[in-house]
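Please read the structure below before turning to the comments.
The values are calculated or read from the model by the stated rules, or taken from the named source; none is laboratory data. These numbers come from a predicted model, not from an experiment. Here the Cβ positions follow ideal geometry from the backbone for every residue, glycine too, while neighbour counts run over all protein chains shown. The accessibility values were calculated without ligands, DNA or RNA, using every heavy atom of the protein model including side chains. Shrake-Rupley method; radii C 1.70, N 1.55, O 1.52, S 1.80 Å.
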Amino acid sequence: MPPLQVSAPPPVGAPRVALFVTCLVDLMRPSIGFASVKLLEAAGCEVDVPSAQTCCGQPAYNSGDKVTAAALARQTIAGLEGYDFIVAPSGSCAGMLKKHYPALLAGDRHWSGRAVAFGAKVHELISFLVDVRGMTGVDARLDASATYHDSCSGLRELNIKDQPRRLLASVRGLKLVEMADCEICCGFGGTFAVKYSEVSNAMVEKKTGNISEAKTDLLLAGDLGCLMNMAGKLKREGKTTAVRHIAEVLAGELSAPPIGARE
């Protein structure tokens, strides 16, 4: 991401937050990172994007390469553990940092305790805004209808369900429509979509069918991987539902084209 411009000095005593941008956001959709900073600053936080961060190690971990995953975990902990909170605009990456780092390093006497302490500081973006900072609404407007997909890691590992809907309800002009089976996997699952492409395609086809039946202008979610998977399928099917990360809508940062659209 380019250098971030802080809109105003943080309040005295503001919590220091390390934004864990995630690989996909950094490489594919930096607008999500900027929207995240805007939301965190609105919640009274001092935000930094530490240069020490790289990949969270989830692809290696899910593929059975625990040696590489552990090395990335140690590097991430060392670079970010000095902050009050570590926040990621992704349920899957936040789940990796919070839930899997302690398990991955449990047998390492030098890192086990640090991994547990680190995990206690980690939060997914929307959950952090609502559950930790007590945010009840945002100053945004969007005259459109939207449906929301509950990504697997955020929902099942981090109990993120009502929080995004609470904040979306405060967006002036936005009508939220629940799709059928909003909690069912879209078929991405990181390397799952590569190893089991036919199964993954069947799953996302069911998901795009439910999205279309909801008849909304927008599809929203909190994980870019899921959004790219669904956006790609919608595009291949010739459907026009625009796809965005929830942070972009809540922050009112909609200058970037919808995910999957030609830029």
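Figures for the structure shown
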| item | result |
| --- | --- |
| Residue match in the stretch 120-134 (condition: open to solvent by 60 Å² or more (accessible area, probe 1.4 Å), outside any strand (DSSP E or B), out of contact with any Cys (no Cβ under 6 Å at 6 or more places or on another chain) and over 27 Å from Ala14 (Cβ atoms)) | no |
| Qualifying residues in the stretch 169-222 (those that are assigned to a helix (DSSP H, G or I) and basic (Lys, Arg)) - the one most open to solvent (accessible area, probe 1.4 Å) | Lys206 |
| Where a residue in the stretch 211-235 is more than 23 Å from Gln163 (Cα to Cα) and at pLDDT 95 or above and its partner, wherever it lies, is of a type in the set (D, E, K, R) and open to solvent by 10 Å² or more (accessible area, probe 1.4 Å), with Cβ under 7 Å and at least six apart | Ser212/Lys239; Lys233/Glu205 |
| Pairs, first of a type in the set (Lys, Arg) in the stretch 86-108, second open to solvent by 20 Å² or more (accessible area, probe 1.4 Å), C-beta under 9 Å, six or more apart | Lys98/Ala120; Lys98/Lys121; Lys98/His123; Lys98/Glu157; Lys98/Leu158; Lys99/Ser153; Lys99/Glu157; Lys99/Leu158 |
